[in-house]
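J.: Once you've had a glance at the structure underneath, I'll fire off some questions.
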Amino acid sequence: MSMTRRTLMAGGVLAGPVLASAPGLAGGGAALAAPAAGLPGVYRYAVGEASVTALHEGGVMRPLDASFVRNAPLPEVQAALEQAFLPTKTFPTTFTPLLLTLGGKRVLVDAGFADQGPPGTGGALRGLALAGIDPGAVDAVVISHFHPDHILGLKRKDGTPTFPNAQVLVPEAEWRFWMDDGRMANPPDALKTNLGIVQKTFGGGLKVERYPWDKEVLPGLTALGTPGHTPGHTSFRLESGGRRLLIASDITNHPALFVRHPDWSAIFDMDADQARATRHRMLALMADGRAPVAFYHAPFPAAGHIARAGAGYEFVPLQWGVELA
Ligand SMILES: [Zn+2]
């Protein structure tokens, strides 16, 4: 098969509409370029008796400016992107919800956007269809935190639940923060868009249940408090048949930046210092325990391992068809 230069170079920048500035809506972003955009991406791997199906929701290219990493000069950020062979003027953000088959139940971890996202997203539902799974057959959706890229997909644009039979499980700490009446009534500017989305999503029509940290959300899936990115940000330990997977949600945004440089703070981390401490703690745990990991914003299929590398770490993606160690 011949691969033309055009195919190889197709990851360029498309013009796109200006989007809202809430995290995950990728302010001013454009869709990822063809040919990857629009094609469903589905990758399934085993964790003991459980299976994990990574669903490529799609992605956006976000214009990179000095505000994205709050505590590093732009040229250093661009150098890190260049070192990872990524574009330096725009910044790729992808989204990967996971469908777990766990104890006979179908459990989605984070919801993507459904039909409510920026151009270039919505692939998770196409991926589910490709995997032969009807949205009505999803038993539970477990949410890691309330940023739009994780919750918007709970409902469609017309307000109907995307997964009509699913129990929606949300972190207690996250619910307490975002659903606070005072904050809702008097939203700080920086949270206005996000609070509106939370209200629209959780205002009614879903079967919502709150879960605490350090307990099983469902048999085999334990909630781990990893706050900082948001006040109730949660990661998960999936355990089955003597195997495990750490589902680390958004403790880092793109690994080429924040795994390589764990001290850097993305604009989306609501409490930068707490997020940094959480990131260091989790990355050390992952590297030293050689734990298989999944991140929502790592390149698809968004799973692999963490290795120590100098003062930082390195994300080592899984190899297609090879079981996670
Ligand atoms: Zn996110």
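Where a number appears in this text, it was derived from the coordinates with a stated rule and is not lab data. What you are looking at is a predicted structure, and each value in this text was computed from that prediction instead of being measured. Cβ atoms come from the backbone with ideal geometry, glycine included; neighbour counts cover every protein chain shown.
J.: Count the net charge of all other residues whose Cβ sits under 14 Å from the Cβ of Lys157, scoring Lys and Arg as +1 and Asp and Glu as -1.
T.: Local charge sum for Lys157: +1.
J.: Any chance you could list the semi-axes, whole Å, largest first, of the equivalent ellipsoid that the Cα gyration tensor gives for segment 134-277, using √(5λ)?
T.: 23, 22, 14
J.: Counting Lys and Arg as +1 and Asp and Glu as -1, what is the net charge of the other residues whose Cβ lies under 14 Å from the Cβ of Phe177? Spell out each step's value before the answer.
T.: Values: positive: Arg176, Arg183, Arg210; negative: Glu172, Glu174, Asp180, Asp181, Asp271.
Combined, the nearby Lys, Arg, Asp and Glu give -2.
J.: I would also like to ask the following. So, counting K/R as plus one and D/E as minus one, what does the shell of residues with Cβ under 12 Å around Val259 add up to?
T.: Residues near Val259 contribute +1 overall.
J.: Now for a separate question. Quick check for me: using +1 on Lys/Arg Cβ and -1 on Asp/Glu Cβ, what's the dipole size of the chain about its Cα centre, in debye to the nearest 20?
T.: 480 debye
J.: Starting from segment 159-234, pick out the trypsin sites (Lys or Arg not before Pro) whose DSSP state is loop and whose Cβ has at most 11 other Cβ atoms within 10 Å.
T.: For trypsin sites (Lys or Arg not before Pro) across segment 159-234 that sit outside H, G, I, E and B with at most 11 neighbouring Cβ atoms in 10 Å, the list reads Lys215.
J.: Determine the calculated [θ] at 222 nm for the chain from helices alone, applying -39500 (n - 2.57) to every DSSP H run no shorter than 4 residues and normalising by the residue count; nearest 500 deg cm²/dmol.
T.: -6000 deg cm²/dmol
J.: Also, I was wondering about something else. Can you tell me what share of the DSSP beta bridges in segment 42-317 is antiparallel? A percent to the nearest 5 is fine. Numbers along the way, then the final one.
T.: Values: 44 of 57 bridges.
Of those bridges, close to 75 percent are antiparallel.
J.: May I pose another question? Count of lysine pairs in the chain with Cα atoms under 17 Å apart, counting only pairs 8 or more residues apart in sequence or on different chains?
T.: Counting lysine pairs in the chain gives 5.
J.: Please report, to one decimal in angstroms, the Kirkwood hydrodynamic radius of the chain built from all distinct Cα-Cα pairs.
T.: Hydrodynamic radius (Kirkwood, Cα only) of the chain equals 19.7 Å.
J.: What whole number of Å gives the distance from the Cα centroid of segment 162-218 to the Cα centroid of segment 279-325?
T.: Their Cα centres are 29 Å away from one another.
J.: Spelling out what I want: for every residue of segment 311-322, take phi, set θ = phi - 60°, compute 6.51 cos²θ - 1.76 cosθ + 1.60 (Karplus), and round to whole Hz; glycine and proline get x.
T.: Each residue's phi maps through the Karplus curve to give 7, x, 9, 9, 8, 10, x, 5, 9, 3, x, 9 Hz.
J.: Just grab the label-to-label distance for Glu49 and Lys105, each label 7 Å out from Cα along the Cβ direction, in nm (one decimal).
T.: Placing both labels 7 Å along Cα→Cβ, they lie 1.5 nm apart.
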